[in-house]
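Take a look at the structure set out below.
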Amino acid sequence: MKSETDSHYEVIVVGAGVAGIYQIKRLADLGIHATVLDSGGDLGGTWYWNRYPGARFDSESYTYGYSFSKELLNEWHWKERFSSQPENLRYLNYVADKFDLRKYMQFNCTVQAAYFDEAENLWRLQIDDGRELTCRFVIMTLGLLSAPTLPRYEGMDSFKGRSFHTFYWPHEPVEMTGKRVAVIGTGATAIQVIAEIADKVGDLTVFQRRPNWAAPLNNARISDKEMADIRERYDEIFATCARTPGGFEHEPDRRGFYEVSREERVALWERLYDEPGFGIWLQNFREIFTDEKANAEFSEFIAEKIRSRVKDPVVAEKLIPRDHGFGVQRVPLETYYYEAYNRDNVHLVDISETPIERITETGLQTTERDYDFDIIVYATGFDAITGAFDRIDIRGVGGAKLREDWKDGPSTFLGMFIHGYPNLLMPAGPQSGSASTNYPRGIETGVSWCTDFLEYMWEHGYTRAEATREAEERWTAHVTKMYSTMLMRKAKSWFTGYNSNVEGHEHGKVRYFVYNGGAPKYVTRINEVAERGYEGIALSSDPALSSEPSDLRVGAVSG
Ligand SMILES: Cc1cc2nc3c(=O)[nH]c(=O)nc-3n(C[C@H](O)[C@H](O)[C@H](O)COP(=O)(O)OP(=O)(O)OC[C@H]3O[C@@H](n4cnc5c(N)ncnc54)[C@H](O)[C@@H]3O)c2cc1C
């Protein structure tokens, strides 16, 4: 419901994905006058936008869902171990309807600018529909994978067929039967799309610059009986997720890589390869992430799997990454991805050898030849982690521009606050615990923490909160330091801010995007800050500006 009449809120939440939905639930429970804005036509974030065939979880569905309501947990039946996009979107709509949250949401509203007004101690948000909205606190739940990027080929507008980025996959079904389709990219999204459409299209050509390591998803239906068992075990399941570094049920193998024989290592890997989900990545030996030799041995095990699944040895070799080891980037999980290349109608073009020169009216041209297509799918990923922030003109104290301040990478306190940008909160921001984990587990932690923080402010009559420079520097140094032992720091991946399609994000300059200490340590750190009276955050109140409970609660204003 778009409430055109209100122009001031105590809190504005930007983004109606998993994080924004839960954030508004918590604010609504407190009766705070708040709204959520999203550029999408409806709620759901990631699961509203990414409607491409094959889009689904690689988190176990029942560990991805919200944990905050027993009633919700008892009502919702996950149908698949790794649920698909339409079902995930149905779930988020179910949550919003169950808790009557839609009335707080406004869609088709892109926040173009957010300026901190120092004199009034409030944020001024410029919306693309021409409105200016103001708020005391702005909560950015913009998503870390919500700013899609297209390649920069000449002639992209000239193509006469249909073309789209997977993020913008059309809402109505796309007829693909008999069509000549190009997929550009072989990241996590492409790996899902390619496997799903290979047997549905006429002809499929995949343009690959760098292959990714992928492992089987091993998806399965969840029967009524299994779901009943999951419901019984929910407390235990979430307790396990809270204990593990990744926020999943998968726990790392605590034995040392070199303490066990090669036979035992291979036996573990064989078992994990056949098991569902991220076990192959997260139940592995910890040395996989830090020790070149251990990583190389395991990567070779996976390379052999690829060779055994792809019939043409030349194609198989092309699908094996050479520039990074398994697991140093977020691992795509697949369902018959490698088998797709055994089909006569599927072709792999290595564009590191024969680069794409331009998109033409009828297809595209590489340095080797012309190709004709009916549909071009750009599976070219995201300006990850900070992209959605960079797309808003955010200005803090003294007119400082966040885009400039983060030119070389983000700098935050706890991934939640930015020095110089008071009253701006990020429950699942860059350098927070969310990005390197099962997101909703980190999101629930972040939203709860931020809500408690705001309650503290309201209870104590504080009207301004700003992370100190020292606290921010310490946190960012801590995040940076953790990269030093990780092989991932060398990878051309969104964990290090690499994206050849975004200026300044070329390889060579590592951006310290994610907190690599694992969920339990992150939770300990943020709780310590809270216990010490929000140490590291300067809190103040201006009596003239102080919010009386009557003006921040919904009852005081028109809803
Ligand atoms: C295809 C895909 C599959 C994934 N699968 C998994 C998985 O299995 N497990 C997992 O843990 N994570 C997964 N992720 C990560 C996923 O993004 C998170 O799980 C989660 O959905 C993030 O929720 P969010 O609310 O933080 O952000 P999002 O869901 O990205 O929502 C952010 C919202 O903010 C809005 N927004 C951004 N900027 C503006 C602006 N300027 N004005 C107005 N609105 C704005 C966007 O439109 C978007 O709707 C996946 C991501 C993708 C892309």
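Okay, here's what the table says:
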item: Residue count, the stretch 125-144 (criterion: modelled with pLDDT of 95 or more and part of a loop (DSSP other than H, G, I, E, B)); result: 7
item: The one condition in (1) within 15 Å of the ligand (Cβ to nearest atom); (2) part of a loop (DSSP other than H, G, I, E, B); (3) within 22 Å of Thr134 (Cβ to Cβ) that Phe68 fails to fulfil; result: (3)
item: Residue list for the stretch 518-555, filter: touching a strand residue (DSSP E or B) at 6+ places or on another chain (Cβ under 8 Å), at pLDDT below 70 and not in a loop (DSSP other than H, G, I, E, B); result: Asp551, Val554
item: Residue tally, condition part of a helix (DSSP H, G or I) and within 21 Å of Ala16 (Cβ to Cβ), over the stretch 382-426; result: 4
item: Of all residues making up the stretch 18-63, the number that are of a type in the set (A, V, I, L, M, F, W, C), part of a strand (DSSP E or B) and more than 6 Å from the ligand (Cβ to nearest atom); result: 3
item: Any hit, the stretch 213-221, residues being within 20 Å of Ser83 (Cα to Cα), assigned to a helix (DSSP H, G or I) and of a type outside the set (Lys, Arg); result: no
item: Conditions (1) surrounded by fewer than 24 Cβ atoms within 10 Å (Cβ to Cβ); (2) modelled with pLDDT of 95 or more: number failed by Ile443; result: (1)
item: From Lys311, Lys318, Lys305, residue being touching a helix residue (DSSP H, G or I) at 6+ places or on another chain (Cβ under 7 Å) and among the charged types (D, E, K, R); result: Lys305
item: Check on Asp128, within 12 Å of the ligand (Cβ to nearest atom) and more than 25 Å from Gly415 (Cα to Cα); result: yes
item: Residue within the stretch 75-86 that is surrounded by fewer than 17 Cβ atoms within 10 Å (Cβ to Cβ), part of a helix (DSSP H, G or I) and within 14 Å of the ligand (Cβ to nearest atom) present; result: yes
item: Residue match in the stretch 396-404 (condition: at pLDDT below 95, closer than 21 Å to Gly15 by Cα, within 16 Å of the ligand (Cβ to nearest atom) and of a type outside the set (A, V, I, L, M, F, W, C)); result: no
item: Yes/no for Ser434 being under 21 Å from Lys481 (Cβ atoms), of a type in the set (Gly, Ala, Ser) and either modelled with pLDDT under 95 or part of a helix (DSSP H, G or I) (or both); result: yes
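To keep it simple, each residue is scored yes or no on (1) surrounded by fewer than 24 Cβ atoms within 10 Å (Cβ to Cβ); (2) modelled with pLDDT of 95 or more.
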residue: Asp6; (1), (2): yes, no
residue: Gly20; (1), (2): no, yes
residue: Ala34; (1), (2): yes, yes
residue: Pro53; (1), (2): yes, yes
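The values are calculated or read from the model by the stated rules, or taken from the named source; none is laboratory data. The model shown is predicted, which means the values in this text are computed figures rather than measured ones. Neighbour counts are summed over all protein chains in view; Cβ atoms, including those assigned to glycine, are modelled from backbone coordinates with ideal geometry.
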